[in-house]
1. Considering only the stretch 138-190, state which residues are in contact with a strand residue (DSSP E or B) (Cβ under 9 Å, 6 or more places away or on another chain), among the aromatic types (Phe, Trp, Tyr) and closer than 25 Å to residue 93 by Cα.
2. Select from the stretch 129-153 the residues that are among the β-branched types (Val, Ile, Thr) and surrounded by fewer than 18 Cβ atoms within 10 Å (Cβ to Cβ) and list them in ascending order.
3. Report, by residue number, each residue of the stretch 147-180 that is farther than 14 Å from residue 83 by Cβ and touching a residue at least 60 places away in the same chain (Cβ under 8 Å).
4. Show me the strands (runs of 3 or more DSSP E) found entirely inside the stretch 1-71 where at least 2 residues are within 11 Å of the ligand (Cβ to nearest atom), crowded, with 20+ Cβ neighbours inside 10 Å and within 12 Å of the chain's Cα centre (by Cα).
5. Select from the stretch 72-88 the residues that are more than 25 Å from residue 121 (Cβ to Cβ) and not in a helix (DSSP H, G or I) and write down the one among them that is nearest to the ligand (Cβ to nearest atom).
6. Please tell me if residue 55 is within 25 Å of residue 182 (Cβ to Cβ) and touching a strand residue (DSSP E or B) at 6+ places or on another chain (Cβ under 8 Å).
7. For residue 112, are the conditions met, namely being over 27 Å from residue 182 (Cβ atoms), surrounded by fewer than 22 Cβ atoms within 10 Å (Cβ to Cβ), at pLDDT 95 or above and of a type in the set (Lys, Arg)?
8. Note down all Cβ pairs under 6 Å where the first residue falls in the stretch 135-146 and is at pLDDT below 95, the second is surrounded by fewer than 21 Cβ atoms within 10 Å (Cβ to Cβ) and of a type outside the set (D, E, K, R), and they're at least six residues apart or on different chains.
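The values are calculated or read from the model by the stated rules, or taken from the named source; none is laboratory data. None of these values were measured; they are calculated from a predicted model. All Cβ positions, glycine included, derive from the backbone under ideal geometry; neighbour counts span all protein chains shown.
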Amino acid sequence: MDNIAVFASGSGSNAENIIRHFNGGNTASVKLVVCNKENAQVLERAANLGVPSVVLPREELTCADPQRLLTLLEENGISLIVLAGYLLKIPEALTIRFKERIINIHPALLPKFGGKGMYGMNVHRAVIEAGEAESGITIHLVDAVYDNGKILFQATCPVIPTDTPESLAAKIHALEKEHFPAVVEKYISR
Ligand code: GRF
């Protein structure tokens, strides 16, 4: 049985879906939520679901030798990290220690609309400005290069001329809800 740490920076709707999907079951369990923002809504969601969370400063999460984080993960027996709306770059020490054990969700069809600055509404705005006919979600493994790891799964949705970044975000969230927990489960049960 895998012990999951979910890393999140914001609202945490994906974190909540992952927790609800796994906790109480027998394939995996979310043991810890790691966050970089003291007032992020994900902390409230985790508390309501009885999952411990920790807020660490950006410097500690991104430095070359994130000792406190590594110790925390070890103490909680973490074997899989799920990034769910997590905005910081993962340090190499973690991508090495958790090789092929870090999964991210990106709210567009990588390799397009990925890389630095491409998060949240920025992504949806860029997709609409580029006149794309479709967007979607990409669930992928995380390696040392931003938005670059092996793609595990993609799902698409149409972009129509009347779409706004907000309406596109709603479509993307629906896809995330439908697929993210199931894809993580499939990956760990493979
Ligand atoms: C999601 O669209 C996720 O794909 C992206 O940021 C958004 C986070 O939403 N990386 P939430 O915090 O899970 O509600």
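1. 187 - this is the single residue of the stretch 138-190 that is in contact with a strand residue (DSSP E or B) (Cβ under 9 Å, 6 or more places away or on another chain), among the aromatic types (Phe, Trp, Tyr) and closer than 25 Å to residue 93 by Cα.
2. Within the stretch 129-153, 145, 151 qualify.
3. Matches in the stretch 147-180: 169, 172, 173, 177.
4. Filter on the stretch 1-71 gives 2-8.
5. It comes out as 80.
6. no
7. So residue 112 fails the test.
8. Short answer, once both residue conditions are applied: 143/95; 143/149; 144/95; 146/115.
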